[in-house]
1. Convert each backbone phi in the stretch 301-317 into a coupling constant with the Karplus relation 6.51 cos²θ - 1.76 cosθ + 1.60 (shift: θ = phi - 60°), then list the ³J(HN,Hα) values in order as whole Hz, x for Gly and Pro.
2. If you take the square roots of the eigenvalues of the alpha-carbon gyration tensor of the stretch 199-299 and sort them as a ≥ b ≥ c, do you get rounded (a/c under 1.5), prolate (a/b over b/c) or oblate?
3. Stretched out fully, how many nm does the piece from THR227 to ARG84 gain, at 0.36 nm a residue minus the Cα gap?
4. For the stretch 48-64, what does the Karplus curve 6.51 cos²θ - 1.76 cosθ + 1.60, with θ = phi - 60°, yield as ³J(HN,Hα) per residue in whole Hz, taken in order and with x for Gly and Pro?
5. Note the listed values (1) 116, 40, 36; (2) 121, 58, 41; (3) 82, 48, 42, then indicate which one is Cα extents along the principal axes in Å calculated from this particular structure.
6. If packing is taken as the average count of other Cβ atoms within 10 Å, what order do 39-51, 172-184, 275-287 fall into, highest mean first?
7. Describe numerically, in nm with one decimal, the distance between label points set 7 Å from Cα along Cα→Cβ at SER144 and at ASP34.
8. Pop the C-beta distance of GLN97 and VAL246 into the FRET formula with R0 = 41 Å and round what comes out to the nearest 0.05.
Amino acid sequence: MGLLALNCNVSTFTCQTVQIKTTKRTPTLGQVSDLDIRLLRVFRTVAECGGLAAAELELNIGVSTVSRHIKDLEERLGLVLCRRGRGGFALTAEGQQVYDDALRLLAAIDGFRAGVEEIHQRMTGSISIALFDKIVTNPEGRVSEAIGKFVERAPDVAIELHVAPLNAIERGVMDGQYQIGIAPMHRCSASLDYHPLFPERMYLYCGKAHPLFCADDETLSWDDIRTESYAGLGYHSPNMELSHEVQLRRSASAYDQEAVAMLVQSGRFIGFLPDHYARTFEADGAMRRLRPARFNYDVRFAALARHAPKPSRVAQTFIDCLLAAHSHTPEG
């Protein structure tokens, strides 16, 4: 009797299945704190040093502490920023984007600090300057003299010097990553101001193992050069503009002058190099200029700064020192 009643009761109920959907919540950053800024500075140093161990000396903290800071930042952002382990160190795609954004954020913070210091008529903080490579061997380029003048006038400002390709310098100055860039002029952007500094002459070179090394210069023409494998810079620059204009056959791309020199020395390529930089290779017989009276072009270097906002007093002081060192304007 009890069993029959139980079955009856059970049969009168309708069972319903309730599905509860769970979704993974995406972390939100919220307010950026001082701790976040410190962690981003650690991450920037690790990314630029190429690993945690390499950043240990730069940060003056132990590797375990550096690792903990990176892990804290990853948890804060809800992202994996880098791969580290036996396979080596590498930024993830998300880490590269965070690094790029962090550079802009930290540059803006430093710019704000410089602005406040400017109100107090003090020049402190730091200045970040990007240079095109091989400037130091150009006798016309007196950047080191300008640095000496700047240190005299702003001894409390820390100087950061970077060497970068032309396109990276332009982009970095526009983004605020660099306050000043020193690079060849080749196209004008409304976002940048240009202050001409010094010239540079480029000649066409070949290595001693190249078939043209013993060629008669007087018989060489552009038609002869167009048949040869050419090594040129792989980004928009005066070098690329000329190679397109005269229709050279670029068979190898380089991203700095040293890479061009290495390709030329292989004996398989011809390429343009600054005369002051290639002079040592010529003296050693490792390469030579090809018909220098014809195969050459000139570039003009300039100091690049953002058009708006206007340079800080620190950045403007460095520009003034550059112009004074290159005799374009009296110092001060």
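1. 8, 9, 8, 9, 9, 5, 6, 8, x, 5, x, 5, 4, 5, 5, 5, 4
2. Working: a/c = 1.28, a/b = 1.12, b/c = 1.15.
It is rounded, given that a/c, with a ≥ b ≥ c, falls under 1.5.
3. Values: separation 143, 0.36 × 143 = 51.48 nm, distance 4.63 nm.
Full-extension gain reported as 46.9 nm.
4. Going residue by residue, I get 6, 7, x, x, 5, 5, 5, 7, 4, 5, 5, 8, 6, 9, x, 4, 5 Hz, with x marking Gly and Pro.
5. (2)
6. On the way: 39-51: 19.2, 172-184: 22.3, 275-287: 15.6.
Ranking, from highest mean packing down: 172-184, 39-51, 275-287.
7. For SER144 paired with ASP34, the spin-label model returns 4.1 nm.
8. Working: r = 39 Å, r/R0 = 0.95.
Efficiency for this residue pair is about 0.55.
Every read-out reported here was derived from the displayed coordinates using simple, explicitly stated rules and does not represent laboratory data. None of these values were measured; they are calculated from a predicted model. Cβ sites come from the backbone with ideal geometry, for glycine too, and all protein chains shown count toward neighbours.
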